[in-house]
Amino acid sequence: MTLEIISAHEVTFTGEVTLVTLPGKLGSFTVLRNHAPLISVLVKGPVHYLTPDGESHDMEINGGIADVNDNKISVLAY
């Protein structure tokens with residue numbers, strides 16, 4: 001699946017991932033391949049993701065919106 005993290009100034013990350021954990025308003029949640037479509041408000045916290053080679057990455061955001069649809073996760077962060 002593809003993860004895209006975008007801020008007002010730049011595309012911070014675009015690439016293939018196997019898992020993404022996002023800081024949702026009601027608590028953190030994890031997205032795996034073939035997840036149901038959703039839109040969620042994000043709060044300040046880490047976006048954690050794993051790349052296909054097994055590397056783990058964390059990126060702090062101050063909040064935003066996540067859109068999950070058809071194995072594509074778009075994070076609009078601020």
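The values are calculated or read from the model by the stated rules, or taken from the named source; none is laboratory data. All of these numbers come straight from a predicted model, not from anything done at the bench. When we count neighbours, we look across all protein chains shown, and the Cβ atoms used for this are built from the backbone with ideal geometry, even at glycine. Surface areas here come from the heavy atoms of the whole protein model, side chains and all, with no ligands, DNA or RNA. Shrake-Rupley method; radii C 1.70, N 1.55, O 1.52, S 1.80 Å.
For MET1, the conditions (1) touching a residue at least 12 places away in the same chain (Cβ under 8 Å); (2) open to solvent by 40 Å² or more (accessible area, probe 1.4 Å) are fulfilled apart from (2). Scanning the range 16-49 for residues that are assigned to a strand (DSSP E or B) and loosely packed, with under 15 Cβ neighbours inside 10 Å yields GLU16, GLY27, SER28, THR30, LEU38, ILE39, VAL41, LYS44, PRO46. Among the residues of the range 58-70, write down those that are loosely packed, with under 15 Cβ neighbours inside 10 Å and out of contact with any Gly (no Cβ under 8 Å at 6 or more places or on another chain). Correct list: ASP58, MET59, ASN62, GLY63, ILE65, ASP67, ASN69, ASP70.
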